[in-house]
Structures are given as C-alpha cells and as structure tokens.
Amino acid sequence: MLKIAVVGCGYWGPNLIRNFYSLPDCQVKKVCDLSPQRLEHMQKLYCEVNTTTNFEEIVRDPEIDAVAIATPVRSHFLMAKKCLAVKKHILIEKPMASSSEECKELIELADKQQLILMVGHTYIYSPAVRKIKELYEKGELGEILYLNSRRLNLGIFQNDINVIWDLAPHDLSIIFFVLNK
C-alpha cells in the first residue's frame, strides 16, 4: 500500500486527491494546504483524511512514501528537495521548478536517492494523444517535418511563472511522447 500526501488543495490538488482515493493500492495519508477552509472542504469530501497547514509534518512523517505537490511554482523546488532528502517519491505538477537549474538539481537528487520524480504531464494519458502516437508509430502520419501547437483553453492565470514555463510543458511533453524523444 502506497501512503501518499498531497500538498496544495487549490486548483489541481483536489483532482489528485480524488484520483488517489480511487486507486486500490494507495492511501491518502495526509493533505496539506495553507488554507484551513480548503482543508475543511477536503475533510467534508473525505471524512477520514488527516489534514495539516504545516508542510514540515509531511516531511517528518516516516509513514509517507510519496508526496504529490500541487502548489504555486515558486514553492515546488524547496518542497520537492526536502521530500527527496528524506526519501519520499515525488509527483510534482508542471512546471517542475522555476528554472532549469532547479530541475536538474531535483533530478540529480532523485537519481542519487533512487527515487521516482515524476512531473504531472497529464495530456500524454489522453485518448487523443495516445491515438496520435499510435498513428505516428504505424507510419500513417508520414515523416514529421514541422509541428504547430495552439491552445483553446489557457486554464487559470499563473502569476508566479511566465506563460512559456506555464503552458509550454504540456505541448512539449505531448511532442516528446508522440515522437519517442
């Protein structure tokens, strides 16, 4: 049984919590957010969930195997680094951190600790993207010489990261996934 903590109950965290609750081999051990109101709402949805406003409780809890981080980008690096340092696997929402240097440091730390560090690139699991990959692998799309990406929905406005770091990771992860890069 994988015991997991979710940090951040704003825009995306509740989706992670719901999905973790639906997995038979996963137990949501603790949910963390700075807002007592958000935590109260999570307790109404999931009566047995333990909540905290103190991230350090997650770091110190030896029973927690993995941490899902769904907080503003400015906090990703330090939270992930603290969790990796105490041997907790990480699922982190995109972008992984605020700079490529921070991303590289997290990757190196996860590798050194032999831990999983996974960025939440959700679109690669969508049926449409899977179908495009299948068509590409069968050769039905021909040789790909040029790619263009357009957005129909920008989601919520992220004021702590620029638009490239906020939106491009989705498009790039799809491209890399489809092209096996």
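The values are calculated or read from the model by the stated rules, or taken from the named source; none is laboratory data. Computed from a predicted structure; not experimentally measured. Here the Cβ is made from the backbone with ideal geometry for all residues, glycine too, and neighbour counts use every protein chain on show.
Just checking, how many residues over region 47-93 are assigned to a loop (DSSP other than H, G, I, E, B) and closer than 16 Å to Gln114 by Cβ?
4
Within region 47-76, track down each residue that is touching a Leu at 6+ places or on another chain (Cβ under 7 Å) and farther than 19 Å from Tyr11 by Cα.
Scanning region 47-76 gives Asp65, Ala66.
Hey, among the residues in region 1-11 that are surrounded by fewer than 19 Cβ atoms within 10 Å (Cβ to Cβ) and assigned to a loop (DSSP other than H, G, I, E, B), which one's modelled with the lowest pLDDT?
Tyr11
Can you name the residue in region 65-82 that is under 16 Å from Glu108 (Cβ atoms) and touching a helix residue (DSSP H, G or I) at 6+ places or on another chain (Cβ under 6 Å) and is also surrounded by the most Cβ atoms within 10 Å (Cβ to Cβ) among such residues?
For region 65-82, the residue satisfying everything is Ala80.
Condition first: out of contact with any strand residue (DSSP E or B) (no Cβ under 7 Å at 6 or more places or on another chain), of a type outside the set (D, E, K, R) and either exposed (fewer than 14 other Cβ atoms within 10 Å of the Cβ) or not in a helix (DSSP H, G or I) (or both). Now tell me which residues in region 94-121 satisfy that.
Pro95, Ala97, Ser98, Ser99, Ser100, Gln114, His121
Restricting to region 96-105, and then to whatever is at pLDDT 95 or above and over 14 Å from the mean Cα position of the chain (by Cα), can you tell me which residue is farthest from Ile164 (Cα to Cα)?
Glu105
Go through region 12-44 and report how many residues are among the aliphatic types (A, V, I, L, M) and either in a loop (DSSP other than H, G, I, E, B) or free of Cβ contacts under 8 Å to residues at least 12 places away in the same chain (or both).
2
For region 31-38, indicate whether the set of residues that are under 17 Å from Ile90 (Cβ atoms) and surrounded by 18 or more Cβ atoms within 10 Å (Cβ to Cβ) is non-empty.
There is at least one residue in region 31-38 that is under 17 Å from Ile90 (Cβ atoms) and surrounded by 18 or more Cβ atoms within 10 Å (Cβ to Cβ).
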